[in-house]
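These notes are about the structure you will find just below.
The values are calculated or read from the model by the stated rules, or taken from the named source; none is laboratory data. What you are looking at is a predicted structure, and each value in this text was computed from that prediction instead of being measured. No Cβ is skipped: glycine too gets one built from the backbone with ideal geometry, and neighbour counts run over all protein chains shown. The area values use the complete protein model at the heavy-atom level, side chains included, leaving out ligands, DNA and RNA. Shrake-Rupley method; radii C 1.70, N 1.55, O 1.52, S 1.80 Å.
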Amino acid sequence: MADPRRVEFGDFLRSRREKLTPKSVGLPAGPRRRTAGLRREEVAQLAGIGVDWYIRLEQGRTVSPSVTTIDALARALRLSKTEYAHLKALARDGARGAFTREVVPPPIRRMIESLDQPAYVTGRRWDVLAWNDAAEEVFAFGRLHEEDRNTLLLMMTNKQTRKSYGASWAEVAKGMVAMFRATHDVWAGDPAFAELLVRLRQGSPEFVKWWEAHEIRSTISGRKTMSHPTKGVLHFEHTSFQANDDPALKLVIYTPV
């Protein structure tokens, strides 16, 4: 049975290949193409590897590309720094246990509870694990069932969340899908991630479209504007931090502006 992470590795290569044109990499256009993007043999040529070897990589076969090969593929496919890091992460071997929901240490809970601005902690799967009173006023996490407290699930399938972002919803949601894709692919095949993916696919046609594009984006700080049913329009700067206690935990803080 194919390793799901190897399958994601191959799918990512294919998605990047299909986004390039011969002109963009300095190759002649040649005869009319039936499909978009570069051909497999063109990527192999640019990377200086065998065509059969590249095909096996794209098919998600159980092969282990060297660091040199990964670097060559990144150059051939014109990967960004974020995409390059993602390709390396997918290529790594190593045993990984099944996903388990993280536990927030008491000192971190007390710290976020002491903050005046909205703050919450998420885990690897973007489940909301702890939050303060200010975050409850804005996001109402406490009114949700535990299995629904997931930031991507809320963004993609919750009607109230979508309404609160108004015209900016598509831009914010699409960016979140690209950020989550980087996390998911490393955990591809894990039952907990597969379950979340099913819910997202069933609950949002936009998610399905953006997911298939296989865009990758790193987590960044920024601004968000939301419309609250009782507080009106809210403007925030948001930023996130990893916890030293457990790097899987991420502290997210919303500062009013």
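The single condition from (1) surrounded by fewer than 12 Cβ atoms within 10 Å (Cβ to Cβ); (2) in contact with a helix residue (DSSP H, G or I) (Cβ under 9 Å, 6 or more places away or on another chain) that residue 221 fails is (2). Restricting attention to segment 81-102, which residues are surrounded by fewer than 14 Cβ atoms within 10 Å (Cβ to Cβ) and in a loop (DSSP other than H, G, I, E, B)? Within segment 81-102, 92, 93, 94, 95, 96, 97, 98, 100, 101 meet the criteria. The single residue among 72, 98, 85 that is within 26 Å of residue 4 (Cα to Cα), modelled with pLDDT under 95 and out of contact with any Asp or Glu (no Cβ under 8 Å at 6 or more places or on another chain) turns out to be 85. Restricted to segment 21-68, and to residues there that are part of a helix (DSSP H, G or I) and among the charged types (D, E, K, R), the residue that is farthest from residue 80 (Cα to Cα) is 52. Name the single residue that is nearest to residue 167 (Cα to Cα) among those in segment 230-257 being in a loop (DSSP other than H, G, I, E, B) and without any contact (Cβ under 8 Å) to a residue 12 or more places away in the chain. Within segment 230-257, the match that is nearest to residue 167 (Cα to Cα) is 230. Residues in segment 143-164 that are open to solvent by less than 40 Å² (accessible area, probe 1.4 Å) and among the β-branched types (Val, Ile, Thr) were compared, and the one that is farthest from residue 211 (Cα to Cα) is 161.
Here residue 120 meets each of (1) closer than 29 Å to residue 6 by Cα; (2) hydroxyl-bearing (Ser, Thr, Tyr); (3) not in a helix (DSSP H, G or I) with one exception, condition (1).
Rundown of residues vs (1) at pLDDT below 95; (2) under 30 Å from residue 3 (Cα atoms); (3) open to solvent by 20 Å² or more (accessible area, probe 1.4 Å), yes/no style:
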| residue | (1), (2), (3) |
| --- | --- |
| 24 | yes, no, yes |
| 32 | yes, no, yes |
| 56 | yes, yes, yes |
| 63 | yes, yes, no |
| 66 | yes, yes, yes |
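The listed residues are 182, 178, 194, 170, and the only one of them that is surrounded by fewer than 13 Cβ atoms within 10 Å (Cβ to Cβ), among the hydrophobic types (A, V, I, L, M, F, W, C) and in a helix (DSSP H, G or I) turns out to be 170. Residues that are touching a residue at least 24 places away in the same chain (Cβ under 8 Å) and open to solvent by less than 70 Å² (accessible area, probe 1.4 Å) within segment 204-218 comprise 204, 206, 207, 210, 211, 213, 214, 215, 216, 218, listed in sequence order.
Residues in segment 197-229 that are assigned to a loop (DSSP other than H, G, I, E, B) and of a type in the set (Lys, Arg): 217 only.
Beta carbons closer than 6 Å, at least 6 apart along the sequence or on distinct chains, pair a first residue in segment 178-189 that is more than 11 Å from residue 12 (Cβ to Cβ) with a second that is surrounded by fewer than 19 Cβ atoms within 10 Å (Cβ to Cβ) and not aromatic (Phe, Trp, Tyr) for 178/215; 178/217; 179/217; 179/219; 186/89; 189/4. Here segment 1-20 is the region considered, the condition is being open to solvent by less than 70 Å² (accessible area, probe 1.4 Å) and in a loop (DSSP other than H, G, I, E, B), and the residue that is modelled with the lowest pLDDT is 2. Only residues that are under 24 Å from residue 187 (Cα atoms), among the charged types (D, E, K, R) and open to solvent by 10 Å² or more (accessible area, probe 1.4 Å) were counted in segment 103-142, giving 2. Any residue in segment 94-107 that's farther than 12 Å from residue 122 by Cα: show its pairings with residues that are assigned to a loop (DSSP other than H, G, I, E, B) and at pLDDT 90 or above at Cβ separation under 6 Å, as long as the two are six or more apart or on different chains. Close Cβ pairs satisfying both conditions: 99/190.
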